[in-house]
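These notes concern the structure reproduced below.
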Amino acid sequence: MRCVRSIVIAWALASWHGMEMPAQEEGGAPTDDVVVEVRIKGTRRYHENRALSQLMTRPGMSVQAALRQGREDVAHLERLGPFTNVAKRLEPAPGGGVRIVFTVQEQPYIGDIILRGVSRFGRGGLLRRLHLQRGTYLNPLLMETDRRLIERHFRERHFPQVSVSVRHVVDPMTGIATIIFDVDHGPHVKVGDVLYRGLPPEISRRRLNHDLINRAGNQRRNLVNRPGQPFIVDELEWDAGSVAGALHDLGFLDARTVNIQLHDFDRVPSYEARSRRGPVLAPDGQLDNRKVIVFHVEPGPRYVLGDVTFVLEGDIPRDLVSAADLRQAFGLASGQVFVPQEIERAKLRALALLREHGYAQARFDDHLDRDRLIDMDSHRIDLALRLIPGRRYRVRRIDISGNVITRDGVLRGPLALQPGKIWADRDRQISLRELNRSGLFSNEPMERPRITPRFDTARPAPDLAGVDDIDVEIQVRETSTGSVRLDIGWSTATGIAGQIDYTERNLNLLGLVSSQHWRGGGQILNAGVKYDEERQSVFARWTNPRLFDGPYGLSVNFERSDASFRDWDQTRYITGLRLSRRFLDNNLNLTSFYRYTDLKISDVDDGAPDDVRDGKYHLNTIGLNQTYDRLDHPLFPTRGLRISLEQALSGQIAASSFDYLDLEVRASAYLPLA
C-alpha cells in the first residue's frame, strides 16, 4: 500500500509540473497523497496569513483536489493587486504528505505620481484618469498602460510627436515608490496645406476641395486634416478614403488613393522680415509644426450614364404610373456623367412618384450585379432598376397621441393626410411641416412630431379597386405656449419707461368665456401695456388661425395710446378686423382687412407745426395682404423664406379725414450657418 501511495504522489507531482510549474525542489520523496501544509513565500508588508485566507487550497485536501484548485488560487492572488509573478509548487513535507508553496513578488505602495512636462491646469484631470493612484500597489502592467494613456491623451490634443517615458523610484528606508512620467509633447502641429497628385485634367484642386472641405453637409466625404486644422495622423487613412470617395462622386468610379506623403514645414512668424516677401510656410526644420499632405491618386476612367430601364414587379394600372412616367421622373439624361449621388436622388424621385399614388411601401430591389451593366470599352453604365411597389394604401383612421391640452381638431385641421384619401408621401411631409409651424409642439430633435403609418398584413385582401386601408399614428409633445415679457428702462429724455405684455398661443376663447378649458384651441392672444412720461398705450389682439378648424382665419385687434408732446396732446384709438384664407398647401395666405383709426388732438401750443390743429380725425382703411410663408417655425425659424405684400387704401371708398394709398413689401430669409 505504501508503494501505491508513492506512485500516486509521483504522478501528482508530474501532473503539477505539466501545468507550467517550476521544477520540484530536491528533497525527500513524499510519503502521502494528502496536503498537510500550504505556505506563501515572498510577502513583506502584506501578512502571510492574510494572503492564505484568500486561498481555497487548504491542508487536508487530496493532491488531486489541490491540483484542480491551484490554478484558480494563482489567478486570484494576481487579481488581489499586491502580487506579481505568482507561481506554485509541490514539495514533500518532512513528516510525510505534501506541502504546497505559493511564491509571490510583492510590489511597493505608491506614495506619489509625478507628471513632468504637463501644465498645472492639465495635471489634475490627467491624474484622475490614470489606473494607478496614490496608496495602491505598483503594477508594472498598469504603469505601461498609463504611459500609453498619457501618450494618447496628448495625441488627441494634436501633439503627434509626443513621447512619454515612465520610471519608478523606491525609497530604501520606507519601501514606498514614486512613479515619474516624463512627457515631451513636442510642437502643436497643424495642417499647412493639402495637395493632390494625379488628378484628371477636368477636375481642379479647387473643385475637389469644395467637395471635401467647403461642403459641410457631405459628412461622408469630409477631410479631417484640413488646412489650418490640427494634424491627426490616425485620420490619414480616413482622409485617403474621402479623397477617393469624392472622385467616385464625380464619376471616377475606379479612383483610389495609392500613396500619402507628409512634408514638414515651419510656419514663418509674421514678425519676421521674410514673411512679407516669401512664403508663409518654410522648410526650416526647426519647429516642424506644419504638415503638408500630398495625396497621390489614380482616378481611372470617367463613366457616363447609359440607358435607364424601369421594371415594375407587380400589377400597377397604366393610367396611374407607367415605366415612361418613372423614366421622366428619374430626370437624368443618357450620356451625362455617372455621379452616384445624383443617381440616388434620381431614384428617389422615381420612387416618390409611386408613393404619391398610394404605394407607401414601394422600394427598389437593389442588387448592383443585376442593376448595372458596365461597358468597359466605352465606360458606359446602363441601369435596369427593379421596382417593387407592394400594396396600394388608403388612409382609414388617424390616431393622435400626446396632445393633453390641445384639441384634436387643432391638429387635424392643417393635415394634408385625411381619412379616405390615398396615401402620399408628399401629404405626410406637408402634415409634418404644418405641425411644426403651429408652434404648439416641441421642436427638439427627439421630440418633434412624428407621423407613422401602421401596416397591418393580417387584414383581408384589398377591395375591388385594389386598395388596402392603412391607419396613421401622429405623436406630438406639447410645449409651453404662454409667455410674459417685462421691460424696464430709464433715459434722461423720457425718464422711466416700461413695457409688459402677455402672449398665449394656445387659447380657447369659447372655453374662457364659459369658464371651462381656456387653453387648447390653438388661438393666439397678445395683450400688453407700454408706459413712459410722454406715451402710454394699451393693446390687445386675438387671432384664430383655424376658424372652425378650416382654412380660414380671423383676427381682431384694439389699441389705445395717449401721448403728451411738447406742443400738443393726442389720443388715438385703433380697431381692426382681418379675414384670411390659405392656399397652396397653406403656404400662401390671402387676407382682407378693415381698420378704423380715431385721432383726437388737443392743447395745441402756439409753437406747434402748422399742420397740427385741434380737432378729431378718423380713417377708414381697407386693404389686402398676400403672404407667402415657407418658414419652418413661426417663432424660431432656422430656414425658409417669407414674403409679404400689403396694399391699404384710406378714403375714396369709405369716408376719411385724409385720402392716401399705402403699399408695403417685406421679405425675410433664413439660412442655417451650421
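The values are calculated or read from the model by the stated rules, or taken from the named source; none is laboratory data. None of the values given here were measured: they were computed from a predicted structure. For neighbour counting, all protein chains shown are included, and Cβ atoms are generated from backbone atoms with ideal geometry for every residue, glycine included. These area figures cover heavy atoms from the full protein model, side chains too; ligands, DNA and RNA do not enter into them. Shrake-Rupley method; radii C 1.70, N 1.55, O 1.52, S 1.80 Å.
A compact table of results
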item	result
Of the criteria (1) open to solvent by 80 Å² or more (accessible area, probe 1.4 Å); (2) modelled with pLDDT of 90 or more, which one A674 fails	(2)
Lone unmet requirement of (1) over 43 Å from the mean Cα position of the chain (by Cα); (2) under 28 Å from G413 (Cα atoms) for D562	(2)
Subset of the range 634-648 (residues that are at pLDDT 95 or above and out of contact with any Lys or Arg (no Cβ under 9 Å at 6 or more places or on another chain))	Q647
Qualifying residue in the range 153-165 (condition: within 32 Å of the chain's Cα centre (by Cα) and among the basic types (K, R))	yes
Residues of the range 72-86 satisfying the condition of being modelled with pLDDT of 80 or more and either among the basic types (K, R) or in a strand (DSSP E or B) (or both)	F83, N85, V86
Any hit, the range 297-313, residues being among the hydroxyl-bearing types (S, T, Y), open to solvent by 40 Å² or more (accessible area, probe 1.4 Å) and out of contact with any Gly (no Cβ under 9 Å at 6 or more places or on another chain)	yes
The range 117-173, subset among the small types (G, A, S) and touching a strand residue (DSSP E or B) at 6+ places or on another chain (Cβ under 9 Å), residue modelled with the highest pLDDT	S165
Residues satisfying the stated conditions in the range 89-106, i.e. out of contact with any Asp or Glu (no Cβ under 7 Å at 6 or more places or on another chain), in contact (Cβ under 8 Å) with a residue 60 or more places away in the chain and in a loop (DSSP other than H, G, I, E, B)	P94
Residues of the range 36-63 satisfying the condition of being more than 29 Å from M173 (Cβ to Cβ), open to solvent by less than 60 Å² (accessible area, probe 1.4 Å) and among the polar types (S, T, N, Q)	T57, S62
Failed item, numbered, when R206 is tested on (1) modelled with pLDDT under 85; (2) part of a helix (DSSP H, G or I); (3) open to solvent by 40 Å² or more (accessible area, probe 1.4 Å)	(1)
Among (1) out of contact with any Leu (no Cβ under 6 Å at 6 or more places or on another chain); (2) open to solvent by 40 Å² or more (accessible area, probe 1.4 Å); (3) aromatic (F, W, Y) - the single one F539 does not satisfy	(2)
Members of the range 397-412 found to be touching a Pro at 6+ places or on another chain (Cβ under 8 Å) and buried (at least 17 other Cβ atoms within 10 Å of the Cβ), listed by number	I398
Positions within the range 641-671 being open to solvent by 100 Å² or more (accessible area, probe 1.4 Å) and among the β-branched types (V, I, T), in sequence order	I653, V665
Subset tally (residues that are touching a helix residue (DSSP H, G or I) at 6+ places or on another chain (Cβ under 7 Å) and not hydrophobic (A, V, I, L, M, F, W, C)) for the range 304-338	2
Conditions (1) within 37 Å of the chain's Cα centre (by Cα); (2) crowded, with 18+ Cβ neighbours inside 10 Å: number failed by V321	(1)
Checklist (1) under 30 Å from D456 (Cβ atoms); (2) surrounded by fewer than 18 Cβ atoms within 10 Å (Cβ to Cβ); (3) touching a Lys or Arg at 6+ places or on another chain (Cβ under 6 Å) applied to Y359, failing item	(2)
Candidates D567, D606, D549, D610 - the one that is at positive phi and either in contact (Cβ under 8 Å) with a residue 40 or more places away in the chain or open to solvent by 60 Å² or more (accessible area, probe 1.4 Å) (or both)	D549
Residue within the range 138-153 that is surrounded by 13 or more Cβ atoms within 10 Å (Cβ to Cβ) and outside any helix (DSSP H, G or I) present	yes
Qualifying residue in the range 118-128 (condition: in a strand (DSSP E or B), within 22 Å of E144 (Cβ to Cβ) and of a type in the set (A, V, I, L, M))	no
Restricting the range 479-495 to residues that are open to solvent by 50 Å² or more (accessible area, probe 1.4 Å) and assigned to a strand (DSSP E or B), the residue that is farthest from N526 (Cα to Cα)	W490
D211 being more than 30 Å from R45 (Cα to Cα) and either open to solvent by 60 Å² or more (accessible area, probe 1.4 Å) or in a helix (DSSP H, G or I) (or both)	yes
Qualifying positions in the range 159-195 - open to solvent by less than 50 Å² (accessible area, probe 1.4 Å), of a type outside the set (A, V, I, L, M, F, W, C), part of a loop (DSSP other than H, G, I, E, B) and in contact (Cβ under 8 Å) with a residue 40 or more places away in the chain	P160, G175, P187
From the options D463, D471, D487, residue that is at pLDDT 90 or above and either closer than 27 Å to R392 by Cα or among the small types (G, A, S) (or both)	D471
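A quick yes/no check of all residues on (1) farther than 25 Å from A648 by Cβ; (2) modelled with pLDDT under 95:
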position	(1), (2)
A563	no, yes
R566	yes, yes
G576	no, no
G607	yes, yes
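Every residue, every condition in (1) of a type outside the set (A, V, I, L, M, F, W, C); (2) in a loop (DSSP other than H, G, I, E, B); (3) in contact (Cβ under 8 Å) with a residue 24 or more places away in the chain, yes or no:
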| position | (1), (2), (3) |
| --- | --- |
| P637 | yes, yes, yes |
| S644 | yes, no, no |
| A648 | no, no, yes |
| I653 | no, yes, yes |
| V665 | no, no, no |
